[in-house]
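Have a look at the structure below, then the notes.
The values are calculated or read from the model by the stated rules, or taken from the named source; none is laboratory data. Everything numeric in this text was worked out from a predicted model, so none of it was measured. We place every Cβ from the backbone using ideal geometry, glycine too, and count neighbours over all the protein chains shown. Please note that ligands, DNA and RNA were not included when accessible areas were found on the heavy atoms of the full protein model with its side chains. Shrake-Rupley method; radii C 1.70, N 1.55, O 1.52, S 1.80 Å.
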Amino acid sequence: AIWLEVRSQIKLLELAAAELQDDLLGFHLARSFDPREIGLLYYVMASSDRLEDALQGAERYSRILNEGIRMRFSLQDGAATVALDYVNVDRKADRHQIEFWLVALVRMCRQVTETRLAPSQLKMRHFRSETPEEFRAFFGCDVEFGADADAVSFPAKLAELPVAGRDEYLNELVRQFAEEALARKSCERPILRAK
């Protein structure tokens with residue numbers, strides 16, 4: 001329940017991983033939590049009509065949840081891709097948080113579509129000498145480490161998958177709440193004045 005800035009989250013996970021001697025801590029954490037704990041972002045996705053709508057909503061509202069990571073969704077070149085970009089944070093300092101978010105994202109996509117969809121491609125900027133077997137078993141594909149992006153791609157046709165249990169009323173309600181939160185957030189930004 002404590003709000004930590006992104007740099008502190010990254011440092012905390014690195015320290016915890018070292019103390020626990022768990023080189024895959026972010027992956028393990030993402031496998032064991034209830035995605036509903038993410039809150040608004042999950043409910044925007046879970047109440048959408050199709051996976052494409054869910055990912056577009058996640059892109060729009062992700063900045064409410066995490067100031068340091070921005071989601072970008074694209075549907076081109078035969079792939080539905082979600083990329084995660086760090087904002088004002090040194091990406092080189094992180095490994096566990098990005099692995100957490102990519103695993104959590106795949107879990108949420110699977111949960112809202114009630115499928116075992118597998119990425120066609122998964123890239124991470126940090127380096128690992130090989131894809132851990134647990135990653136391969138979970139994702140169903142190899143991971144390109146040392147890549148030019150942090151991104152997960154699915155075949156474009158999967159973007160048309162319906163969201164199971166879609167709730168139009170809930171979707172309207174959470175999007176309205178999210179829009180209000182975004183408006184408040186933009187009002188809270190400091191105003192720079194020229195002297």
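Which helices of the chain meet both criteria: a Cα extent of 24 Å or more along the helical axis and a mean Kyte-Doolittle score no lower than 0.5, with helices taken as whole DSSP H segments?
Flagged H segments are 96-113.
Determine the dipole magnitude for region 1-137: charges of +1 sit on the beta-carbon of Lys and Arg, -1 on that of Asp and Glu, nothing else is charged, the reference point is the Cα centre, and the result goes in debye to the nearest 20.
With only Lys, Arg, Asp and Glu charged at Cβ, the dipole is about 240 debye.
So what is the accessible area of the chain per residue, in Å², with the probe set to 1.4 Å?
Solvent-accessible surface per residue comes out at 56 Å².
Rounded, prolate or oblate, given the Cα gyration tensor of region 89-183, with a/c below 1.5 counting as rounded?
Oblate, because a/c is 1.5 or more while a/b does not exceed b/c.
Under 26 Å between alpha carbons: how many lysine pairs meet that in the chain, if sequence neighbours fewer than 8 apart on the same chain are excluded?
Within the chain, the lysine pair count is 6.
Over the chain, what percent of the accessible surface lies on carbon and sulfur atoms, probe 1.4 Å?
Using a 1.4 Å probe with all protein chains present, the chain comes out at 52 percent carbon and sulfur.
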